[in-house]
1. If you average 1/r over every pair of different alpha-carbon atoms in the stretch 35-111 and take one over that average, what Kirkwood value in Å do you get?
2. Just the Cα atoms of the stretch 26-78, one point each, no solvent: what log10 I(q)/I(0) does Debye give at q = 0.21 Å⁻¹?
3. What FRET efficiency comes out for residue 101 versus residue 36 if R0 is 22 angstrom and r is the Cβ-Cβ distance? Round to the nearest 0.05.
4. Taking the Cβ of each residue in 57, 32 as the centre, tally the other Cβ atoms inside 10 Å and list the residues starting with the fewest.
5. About the Cα centre of the stretch 35-111, what is the dipole size in debye to 20, counting +1 per Lys and Arg Cβ and -1 per Asp and Glu Cβ, all else neutral?
6. Listing 69, 79, 98 from the residue with the fewest other Cβ atoms within 10 Å to the one with the most, what is the order?
7. Give me 105, 113 ranked fewest to most by other Cβ atoms within 10 Å of their Cβ, as a rough exposure proxy.
8. Rounded to whole Hz and in sequence order, give me ³J(HN,Hα) for the stretch 58-64 from the Karplus expression 6.51 cos²θ - 1.76 cosθ + 1.60, θ = phi - 60°, writing x for Gly and Pro.
Amino acid sequence: MVRILLLFSRFGFGCLLFGLSFGFSTHAFAQHKDCDTSGRKVTCSIKDSLGYVLEIHRYKDGLKWGSWERYNYNGQLIEKNYYKRGERKWTFFYRNEELIKSINKKGKVKKFKGCGCT
């Protein structure tokens, strides 16, 4: 088991030095990485200290493979990446469980109705 300690400022981004040097209030959340390593395919979940799943990663033969998901603290999907043989093919961004933007492997961005993207 791997333990990673990150500090998040009240603005929601992880920046230990920024939070400490400028006096913003910070909250510590221990993250735990659990991996099911049985077979050629590996699934890892990263959970906070309360047991909430923050990310799910998949590997095949040691390479990133399939969908990788990130969730907010409300359990809502916020980002999903698709990998094949270690290479990112697509990234999808979500707000309130609705798809708002996608980016393909060449960097082409597609915005979806209601995203409020500029």
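Here, each number is a calculation from the coordinates, and none is a lab measurement. On a predicted model such as this, the values are computed, not experimentally measured, just so you know. All Cβ positions, glycine included, derive from the backbone under ideal geometry; neighbour counts span all protein chains shown.
1. Working: mean 1/r = 0.0757 Å⁻¹.
Computed over the stretch 35-111, the radius equals 13.2 Å.
2. So the normalised log intensities are -0.77.
3. Values: r = 31 Å, r/R0 = 1.40.
Efficiency at R0 = 22 Å is approximately 0.10.
4. Values: 57 20, 32 15.
Ranked by crowding around the Cβ, least crowded first: 32, 57.
5. Working: 19 positive and 9 negative charges, 136 e Å.
Computed about the Cα centre, the dipole is about 660 debye.
6. Numbers: 69 18, 79 15, 98 12.
Listed from fewest to most nearby Cβ atoms, that is 98, 79, 69.
7. On the way: 105 13, 113 7.
By the 10 Å Cβ count, ascending, the order reads 113, 105.
8. Going residue by residue, I get 10, 10, 9, 6, x, 10, 4 Hz, with x marking Gly and Pro.
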